[in-house]
Amino acid sequence: MTNPGDSDEWWKQYGGSGVTPESGAPGSVPQHPTAQPSQPSNYPSSPQYPQQPAPPSTPQYPQPSQPQYQQPGYPQQPAYGQPPAYGGYPGAGYQPYGQYPQPQGTNGLAIGALIASLVGPFTCGLGSIVGIILGVLGVNQIKERGGEGRGLAVAGIWIGALSILAVVLYFVFLFVVIGTSSSS
């Protein structure tokens, strides 16, 4: 290897992808000045770095094995540092650090139950029936999915039931008043 630009191995050694001067690609091979044959060069074609001493090796000793004891009828506990097989402690959803759980907000069925129950006396009890149904569905949905509004749903059920009772008592009162006034 007399000149650095003449050898394909030199090019591969310094990051080339096998391009040779014979390929004809312009600018693909760096052009290096050639040394004059009359002047001898004391420099090597590539930098020579001193060799790093190898780190002292530590002898490898076999690790003593400890017997694994397992109580009859109980599953074997996982080793320290491994997560439990069931995915974590029960009753808590895992949230990575820096992320907060999204607020669930108030259940829409619970809000609908309260509004329908309040409108119930003005719709001859029809809104109260809808309010009771929405309230029961809202309580069940809050139990399953979580969220807020359980008190609104329960209030919708109670107000709906009292509104139906009030409408029934109003019609009974009307029939009694009309029946007693027509008989006299």
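Quick note: the coordinates plus some simple rules give every number you see, no bench work behind them. Computed from a predicted structure; not experimentally measured. With ideal geometry, Cβ positions are generated from the backbone for all residues, glycine too; neighbour counts draw on all protein chains shown.
Normalising the average separation of contacting C-alpha pairs (under 8 angstrom, six or more residues apart) by the number of residues puts the relative contact order of the range 111-162 at 46 percent. Taking the average, over residues, of other Cβ atoms within 10 Å as the packing measure, peptides 140-148, 110-118, 50-58, 174-182 rank 110-118, 140-148, 174-182, 50-58 from highest down.
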